[in-house]
Amino acid sequence: GDFPIETDTLVIGSGPGGYVAAIRAAQLGQKVTVVEKGTIGGVCLNVGCIPSKALISAGHRFHEAQHSEDMGIFAEKVTVDFSKVQAWKGSVVKKLTGGVSSLLKGNNVDVVTGEAYFVDENSIRVMNDDSAQTYTFKNAIIATGSSPIEIPSFKYTKRVLNSTGALALEEVPSSIVVIGGGYIGTELGGAFASFGTKVTILEGTEEILSAGFEKQMAALVKRNLKNKGAEIVTKANAKGVEETDTGVTVTYEVKGEEKKVEADYVLVTVGRRPNTAEIGLEQVGIKMTDRGLIETDKQCRTSVKNIYAIGDIVSGPQLAHKASYEGKIAAEAIAGHSSEIDYLAIPAVVFSEPELASVGYNEKEAKEAGIEALASKFPFAANGRALSLNNTDGFVKLITRKEDGLVIGAQIAGPNASDMIAELGLAIEAGMTAEDIAMTIHAHPTLGEITMEAAEVALGTPIHII
Ligand code: FAD
């Protein structure tokens, strides 16, 4: 055998969970090793959050350039060189992954390339093409993330794509079928629709974005997609796909009727499964939940007390900021701190048009939790900044506790909802009331004033609405 290399904290995976955990553990005085079998930055930086947002914003610019006549702007022959779009997108990713590598190095974290496999509860083996090396550790943090689910009737090929394949397309497809109207399908479908692709979304349930967002929010996204020529079929059961040299024919069933739709590609976004199968968890006897996730406590500790798990492989929303948050908690727990997870103020965002964002309780959830709540809404259309941006689709809905005005949730649909939700997450985290928000001076003219006005609505004293 080889000579084992000793480390204090060993992190498996360098996504937004793993790299953040590694940096925090190093900040707290640990000798840290990160093992990564793919590319630094994980799904989020390489094939998830960042490249998808780059594609969305490029599509948005292209679409805006062609549709600003009402502002007196007439652009002719607006064209896309998609290989340049891809090159630019790649440069954004590279800047960020390079940045993370520098941060790890700057924090004296050892980065090892290879695939990690547990040997026992204090050691792993790291395999790469030509060698194997054993590492011993005091504590380990598993952050191996998730992969797109493949369904048997839609095996991935050159034309049957998962999100990674769709993000890597070399040209704007003339048409694409998207299976699954969750946030990934809606975001990528929306991006291609902005570039002029004929998009058909097949969603199995009654509504797109139904997990986590209210109907009235999803309805705005639906309208926007339809304006871009997209077709959305709900309660559609995708059955199978036939592939030709030039495209695909997707068969689906809706209201008991079988239908077919042709396109250049089909993008399958029906969920992601945790990467827990091939890391030797059985060697250490780590307990799993019945959904195949790793079971953890409030400090992200698994059933094996020196092994922690974070991010997409544990329960909760599969989001980058959730993985990073848990990474900090796990590293702090290892350092003996009393940090514990609290998801009350975790935001969820969809980078659709308009953007959707939610934090804390919505009306229905408050009711289910037995809280007497007040929902106070203010529209973007009554805000000067939204009007001057020529982007007035949406609203801020503030959820407060009736008895004392405590902010317990918020939902935002509208331009920059993704940024605006942060103020309300802070309000929840800090235990603020509607009055606190209403009394906070918001600069004029800004979209933030919509939040202030929603708080005024809660108090019964809005200035800019009757
Ligand atoms: P990952 O990012 O999946 O990283 C895990 C890493 O572990 C990988 O690099 C992998 O190579 C490595 N690994 C796995 N097994 C081993 C092993 N045995 N040995 C060594 N290394 C291993 N979330 C948001 O919050 N906002 C968004 O806008 C957003 N957009 C998204 C768009 C798309 C198209 C997709 C697919 C996802 C998006 N997500 C978004 C979700 C987000 O990417 C994930 O929630 C996040 O990446 C999870 O982080 P993680 O650290 O748990 O794992």
For the stretch 261-381, build the convex hull from the C-alpha positions and give me its volume per residue in Å³. 207
Explain nothing, just the number: relative contact order of the chain, from Cα pairs under 8 Å at least 6 residues apart, as a whole percent. 14
With label points built 7 Å along Cα→Cβ from the Cα atoms of Lys53 and Asp120, find their separation and express it in nm. 4.4
In nm, spacing of pseudo-spin labels at Lys77 and His321 (7 Å Cα→C-beta vector): 4.3
Treat every Asp and Glu Cβ in the stretch 1-86 as -1 and every Lys and Arg Cβ as +1, leave all other atoms uncharged, and give the resulting dipole magnitude about the Cα centre to the nearest 20 debye. 120
In debye, nearest 20: dipole of the chain around its Cα centre with unit charges on the Cβ of K, R (+) and D, E (-)? 380
Nearest-0.05 FRET efficiency for Lys239 and Phe3 at R0 = 51 Å, using Cβ-Cβ distance, is 0.40
For the stretch 6-112, which GluC sites (Glu not before Pro) are both in a DSSP coil and crowded by at most 16 other Cβ atoms within 10 Å? Glu76
Can you give the Kirkwood hydrodynamic radius of the stretch 212-301 from its Cα pairs, in Å with one decimal? 17.5
For a footprinting-style exposure proxy, rank Met217, Met71 by other Cβ within 10 Å, fewest first. Met71, Met217
Solution diffusion estimate, µm²/s, Stokes-Einstein, the chain, Kirkwood Rh from C-alpha pairs, 10 °C, viscosity 1.306 mPa s: 66
Interatomic Cα distance distribution for the stretch 155-269, bins of 10 angstrom, percent: 15, 50, 31, 4, 0
Check: the stretch 129-220 dipole with +1 on Lys, Arg Cβ and -1 on Asp, Glu Cβ, in debye: 80
Tell me the Rg and the Dmax, in Å, that the Cα atoms of the stretch 154-216 produce. 12.1, 36
Along the charge dipole of the stretch 8-116, pointing to its positive end and built from +1/-1 on Cβ of Lys, Arg, Asp and Glu, which listed residue (His60, Gly13, Thr113) has its Cα farthest out? Thr113
The FRET efficiency for Lys305 and Lys155, from their Cβ-Cβ distance with R0 = 30 Å and rounded to 0.05, is 0.15
Rounded, prolate or oblate: which fits the stretch 1-142, taking a ≥ b ≥ c as square roots of the Cα gyration tensor eigenvalues, rounded meaning a/c under 1.5, else prolate when a/b beats b/c? prolate
Considering every Cα-Cα pair within the stretch 336-435, what fraction, in whole percent, is farther apart than 21 Å? 36
FRET efficiency for Ser174 and Glu257, Cβ-Cβ distance as r, R0 = 35 Å, nearest 0.05? 0.85
Based only on the alpha carbon positions, what is the Kirkwood hydrodynamic radius of the stretch 98-225, in angstrom? 18.6
Sequence-separation-based contact order of the stretch 350-435, relative, with Cα cut under 8 Å and 6+ spacing, percent: 34
Taking N as the number of residues in the stretch 97-145, what is its alpha-carbon radius of gyration divided by 2.2 N^0.38 Å? 1.27
Please list the helices of the chain that count as membrane-span-like by this rule: a mean Kyte-Doolittle hydropathy of at least 0.0 together with Cα atoms stretching 15 Å or more along the helix axis, each helix being a complete DSSP H run. 82-106, 183-194, 417-429, 448-459
Low-density loop chymotrypsin sites (Phe, Trp or Tyr not before Pro), the stretch 6-99, at most 13 other Cβ within 10 Å, DSSP non-H/G/I/E/B, are Phe74
At 0.36 nm per residue, minus the direct Cα-Cα distance, what do Glu372 and Ala443 gain on full extension? Give it in nm, one decimal, please. 22.4 nm
Show me, bin by bin at 5 Å from 0, the whole-percent P(r) of the stretch 1-40 based on Cα pairs. 6, 26, 27, 20, 13, 6, 1
Give the longest segment of the chain that steers clear of trypsin sites (Lys or Arg not before Pro) in DSSP loops with at most 10 neighbouring Cβ atoms within 10 Å, not counting the sites themselves. 306-466
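Values in this text are rule-based calculations from the coordinates and carry no lab data. In this text, all values refer to a predicted model and were calculated from it rather than measured experimentally. When we count neighbours, we look across all protein chains shown, and the Cβ atoms used for this are built from the backbone with ideal geometry, even at glycine.
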